[in-house]
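Please read the structure below before turning to the comments.
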Amino acid sequence: MNCTHNKKLKSLLAVAMLAGLSMSAAEAAAVYMEPDSQAGIYDPEVPSTVSFELWMDFTNEPTIGGGIDLDLQGPISMAEFTPSSYFTDTADPSFTGHGTENADNDYQIHFGNFAGLSGVNKLGDISVELKGECKANPTEPEVPCSISLAINTFYGGFFGTDFLSIDVDVSDEAAITASAVPAPAGVWLLLTGLAGLVTRRFARRS
């Protein structure tokens with residue numbers, strides 16, 4: 001009898017644990033970028049940029065703050081971060097900022113308020129400058145371009161209003177594709193003419 005009771009109790013505990021895990025996963029706070037990818041045109045003569053929106057989602061658990069780090073891969077560089085009104089007005093300016101100082105990789109963005117920050121809110125816009133062509137397929141030998149998010153080690157992870165550490169999903173990555181600006185039609189005509197001239201010269205020699 002006791003054996004049967006213990007088996008039922010273990011089954012109930014297992015179901016409860018699985019339910020708790022799925023609930024915590026569904027309710028996990030997050031800092032992420034939108035959209036998942038952007039396309040641009042690289043022109044060595046004219047600087048060009050692509051932008052992503054940076055968002056936070058602390059709907060189920062308010063935070064007093066933390067910091068994230070941006071890691072840029074490929075021929076791109078940080079152009080600027082334009083804070084939203086939420087970032088500048090709702091977050092506490094004494095614990096809110098951004099820049100290359102104290103960044104683990106290319107750029108850091110930190111924000112907080114001891115009164116607690118909650119809900120889904122836009123933090124700002126991330127703009128990167130294209131320094132070369134970015135290929136679409138990361139498995140190809142050509143260099144792809146991307147922006148990855150991570151917890152910034154200087155400002156640390158995120159904490160709840162009870163001052164305990166909370167789990168925040170920052171494992172987001174945004175992909176960038178950029179092709180070279182097409183050459184003007186006149187250039188192609190010139191190259192075609194030169195190719196024809198070379199062909200005729202070789203034909204005469206032979």
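Could you tell me whether the stretch 42-54 includes any residue that is out of contact with any Leu (no Cβ under 7 Å at 6 or more places or on another chain), among the small types (Gly, Ala, Ser) and either within 27 Å of Ser165 (Cβ to Cβ) or at pLDDT 95 or above (or both)?
yes
Where residues in the stretch 159-177 are small (Gly, Ala, Ser) and not in a loop (DSSP other than H, G, I, E, B), which of them is nearest to Ile109 (Cα to Cα)?
Ala174
Yes or no: the stretch 153-170 includes at least one residue that is polar (S, T, N, Q) and under 24 Å from Gln38 (Cβ atoms).
No, because not a single residue in the stretch 153-170 is polar (S, T, N, Q) and under 24 Å from Gln38 (Cβ atoms).
Is there a residue being closer than 30 Å to Val46 by Cα and either modelled with pLDDT of 60 or more or not in a helix (DSSP H, G or I) (or both) anywhere in the stretch 148-158?
yes
Let me spell it out: the conditions are (1) at pLDDT below 95; (2) buried (at least 19 other Cβ atoms within 10 Å of the Cβ); (3) farther than 30 Å from Pro144 by Cα, and Val15 meets all of them except one. Which number is the exception?
With (1) at pLDDT below 95; (2) buried (at least 19 other Cβ atoms within 10 Å of the Cβ); (3) farther than 30 Å from Pro144 by Cα applied to Val15, the lone miss is (2).
How many residues are assigned to a strand (DSSP E or B), surrounded by 13 or more Cβ atoms within 10 Å (Cβ to Cβ) and not polar (S, T, N, Q) if we restrict to the stretch 27-43?
8
Assuming Ser146 fulfils every condition listed in (1) closer than 29 Å to Ala180 by Cα; (2) touching a Lys or Arg at 6+ places or on another chain (Cβ under 7 Å) apart from one, which condition is it?
So Ser146 meets the others, but not (2).
Considering only the stretch 73-106, state which residues are more than 26 Å from Gly132 (Cα to Cα), hydroxyl-bearing (Ser, Thr, Tyr) and not in a helix (DSSP H, G or I).
Ser84, Thr96 - these are the residues of the stretch 73-106 that are more than 26 Å from Gly132 (Cα to Cα), hydroxyl-bearing (Ser, Thr, Tyr) and not in a helix (DSSP H, G or I).
Return the only residue of Gly65, Gly124, Gly116 being on the phi > 0 side of the Ramachandran plot, surrounded by fewer than 17 Cβ atoms within 10 Å (Cβ to Cβ) and part of a strand (DSSP E or B).
Among Gly65, Gly124, Gly116, only Gly116 is on the phi > 0 side of the Ramachandran plot, surrounded by fewer than 17 Cβ atoms within 10 Å (Cβ to Cβ) and part of a strand (DSSP E or B).
The values are calculated or read from the model by the stated rules, or taken from the named source; none is laboratory data. What you see is a predicted model, and the numbers here were worked out from it, not measured in a lab. Cβ: placed from backbone, ideal geometry, glycine included. Neighbour counts: every protein chain shown.
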